[in-house]
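Here's the structure we're looking at; comments come further down.
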Amino acid sequence: MNNIPVKTRLKEWFVDYLVILAYLLLLLAANLGVYRFILGEIPAFTEQQAHLVATFSTVIPVILFFAYLDYVKKGSFGKRAAGLKVTYAKRQFSASLVRNIVKFLPWQLGHTGVIHGMYTDFSLTAIPVTNSANVLAILLLGMALYRKDKRHLGDLLAGTKVEPAS
């Protein structure tokens, strides 16, 4: 059993959200600078290019960064601010990576659905992909908040758990 209060988990998520938001704002500023001063305009992207840009500039760096923090620092900025840490059944970077891939999968699915929708007028395939992102996010959140051990799907697959740092 894990007695982490919901308020503590929400503090963790809020701090991590601010870290990700800061990264995205820096990325936006850098991209706008390149578009304005080097290219002279915002280029037109194909759907495939938009998927690649979203995946390789946002999702993959965030997954790798959070996997690194969970593995090396025993938790993200949010976990450490909330007094939490990640523990491992078998301490391996691959476990941290699996945990974070699952944790950020709804974000990638959301990108995929929205980008596809922008290029197809939200065809019948874009909406289910976007909705699956929402369902998975709610599932992960519900598991982390309401399971007795507070483990979400990524924790179960990776053999990890979040617990108080003390």
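None of the figures in this text is laboratory data; all of them are computed from the coordinates on show. This structure is a prediction, so every number in the text was calculated from the model and none was measured. Neighbour counts run over all protein chains shown; Cβ positions are idealised from the backbone, glycine included.
Under the membrane-span-like helix rule (DSSP H runs whose alpha carbons stretch at least 27 Å along the helix axis, mean Kyte-Doolittle hydropathy -0.5 or higher), the chain yields 6-33, 93-120, 126-146. Only one of (1) 32, 19, 13; (2) 26, 19, 13; (3) 24, 20, 15 was calculated from the structure for semi-axes √(5λ) of the Cα gyration tensor in Å, and its label is (1). Which of Ala89, Ala81, Ala144 moves most in a GNM of the chain, Cα contacts under 10 Å? Ranking Ala89, Ala81, Ala144 by mean-square fluctuation puts Ala89 first. Using the average count of surrounding beta-carbon atoms within 10 Å as a protection proxy, the listed peptides 104-110, 125-131 rank, highest first, as 104-110, 125-131.
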